[in-house]
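> Structure in structure tokens, see below.
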Amino acid sequence: MTRFSKSTLAAAAAMALAACGGGGGGDGGNSSNTPPVAAAGADQMASRTSAVTLDGRGSSDADGNTLSYRWRQTAGTDVTGGSGVLEGATPSFTAPADVQTLEFELVVNDGTASSAGDRVMIHVLEDAAAALFVDAAAGSDSSGTGSMAAPYATVRHALAQVGSSQGDLYLRSGSGQTYDESGSTLAMPSGTSLYGGYGSGWVRDADARKAEVRTNSLGVRYSAVNHDTWVSGLMVRAAGSANAGDSVTGIRATGNGAARMTVAFNDVVAGDVGPGTADSPASSYGVYVTSMAFADVHDNSITAGAGGIGSAGTTGARGADGSNGSNGNRDSGRRAPGGSGGPGGNGGSGGERGGGINGNGGAGATGNDGSAPLGGSVPGGSAGSAGSGNTADGGGGGGFGNTGGPGMPGVAGGGAGTTNASFMAARGATGGTGGVGSGGGGGGGGEANNVGVVGGGGVVAAKAARAAPAAAAAGAAARRSVSGCTPWPSRR
């Protein structure tokens, strides 16, 4: 067929009009053009960094005109060298290094008219030959094959199909769509990556469409990772643990020192450590990655729960014996105070010494209450016993303080962390130390002596043996003095 340009046709029309004086209308059929039809080919799956070839050879033109091809990239990391377009019936490019969806719109032109656009998607996967697809809403574990067209319904069933071989799971998201795998530990085979963020048509947007996966307190767990592994586009919700000594982890991966672990574009929430107290309370970890050749953790929202509560503090120290009170006299009161009890979260005050000749000392006061960080208080230790009359000893020591209250719970860990060979997001803090024990009881007051109306207060027990001879000598001197003087009047 002869090809005419628009300028040639216009000139011919002018000549015809001049010759015919404006002539009647011919059919004009020979000058019409039918626009071509673009066919961008079927959607493709390609491994990351592999060569990809687009195929528009299915495009057609009813008039048989030669076609030109223009592929405009509309989604994904640019693979056009910055121009935004590729030319030709079968252009090629290298797939990006990240798992994502590329989209192109093909428009063909026959030299006169352009076609409507036709779109094609390129699903860039980690390994296109080892991909299994899971859709909680539309998939089936009984009849599914794990393909995009016939996905499985649960993560656990898909993992069973992977077995010991290396395979990767791609999870579709939807309104109210949740993968509940909390019935048992979600143990991942080494090298099996998890990718979420897929919507209708398996188009991926890891930021906007995260696949929600619920686990028990152990989270998504990898052991002995020996292949490069990715966890991306997920919303992980790890339940809290049962006891204060059991840790919680959202995503945990331990490698063999040679693999790379990438955790990106996830929303991870690890629950609180369980109730009760523990001598070594556990922590809550959002992401815990260790023993990898390289850990790449970025563009995540990570929240760790509260750590466990520490056990109660130790028992407070015994209060010291009451100290010796000053000697009494006839004109002052019948009682003088004994000394204060010793430390132990502050012991109670010492008892009063006895009144009158050979009177018994007073009992010590109960120890002060100890601290209880979680609220309330811990009762003080028991009071010291009173010193007995007619006996040269001080009052008894105060009783031991009671056990301190439990420590405060650990605070929630932050989402930040450092990235190096061993990455660990900030964890929930260890439970606080238990509160100080309550005070020991105050020492009892000493006996009244035989000279003053009221005697001295209690003395520290350890000094009683050394004080006895001096006390006896003082008593003898007092008797000598009394024998040479007017007798004391009798009491009535």
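> Can you report the number of residues in segment 214-234 which are part of a strand (DSSP E or B) and open to solvent by 50 Å² or more (accessible area, probe 1.4 Å)?
Matching residues across segment 214-234 total 4.
Here is a yes/no grid of residues against (1) of a type in the set (D, E, K, R); (2) under 20 Å from Val203 (Cα atoms):
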position: Thr66; (1), (2): no, no
position: Gln73; (1), (2): no, yes
position: Thr77; (1), (2): no, yes
position: Ser83; (1), (2): no, no
position: Glu87; (1), (2): yes, no
position: Ser92; (1), (2): no, no
position: Val107; (1), (2): no, no
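> Among the residues of segment 173-180, is there at least one that is out of contact with any strand residue (DSSP E or B) (no Cβ under 7 Å at 6 or more places or on another chain) and open to solvent by 50 Å² or more (accessible area, probe 1.4 Å)?
The answer is yes, given that some residue of segment 173-180 is out of contact with any strand residue (DSSP E or B) (no Cβ under 7 Å at 6 or more places or on another chain) and open to solvent by 50 Å² or more (accessible area, probe 1.4 Å).
> Could you please find all residues in segment 241-265 being farther than 14 Å from Thr192 by Cα and among the polar types (S, T, N, Q)?
Listed by number, the residues that qualify are Ser241, Asn243, Ser247, Thr249, Asn256.
> I'm trying to understand the selection: among the residues of segment 192-213, which are surrounded by fewer than 20 Cβ atoms within 10 Å (Cβ to Cβ), of a type in the set (Gly, Ala, Ser) and touching a residue at least 40 places away in the same chain (Cβ under 8 Å)?
Gly201
> Among Asp98, Asp78, which is within 29 Å of Gly167 (Cβ to Cβ), under 41 Å from the mean Cα position of the chain (by Cα), of a type in the set (D, E, K, R) and not in a strand (DSSP E or B)?
On the way: Asp78 fails: within 29 Å of Gly167 (Cβ to Cβ).
Every option except Asp98 fails the conditions.
> With the requirement that a residue be assigned to a loop (DSSP other than H, G, I, E, B) and at positive phi, what does segment 175-211 give you? Steps first, answer last, please.
From segment 175-211, those assigned to a loop (DSSP other than H, G, I, E, B) are 175-177, 181-185, 189-193, 199, 203, 205-210; that's our starting set.
Those that are assigned to a loop (DSSP other than H, G, I, E, B) and at positive phi: Gly176, Gly191.
> Let me ask something else. Tally up the residues in segment 85-132 that are among the charged types (D, E, K, R), over 20 Å from Gly58 (Cα atoms) and surrounded by 19 or more Cβ atoms within 10 Å (Cβ to Cβ), please.
1
> Name the one entry in Arg70, Arg57 that is out of contact with any Cys (no Cβ under 7 Å at 6 or more places or on another chain), open to solvent by 50 Å² or more (accessible area, probe 1.4 Å), at pLDDT 95 or above and in a strand (DSSP E or B). Don't jump to the end; show me each part of the working.
Values: Arg57 fails: in a strand (DSSP E or B).
Matching residue, one of Arg70, Arg57: Arg70.
The values are calculated or read from the model by the stated rules, or taken from the named source; none is laboratory data. Remember, predicted model here, so these are calculated numbers, not experimental data. Glycine also receives a Cβ, built like all others from the backbone with ideal geometry; neighbour counts cover every protein chain displayed. What goes into the accessible areas is simple: the full protein's heavy atoms, side chains included, and nothing from ligands, DNA or RNA. Shrake-Rupley method; radii C 1.70, N 1.55, O 1.52, S 1.80 Å.
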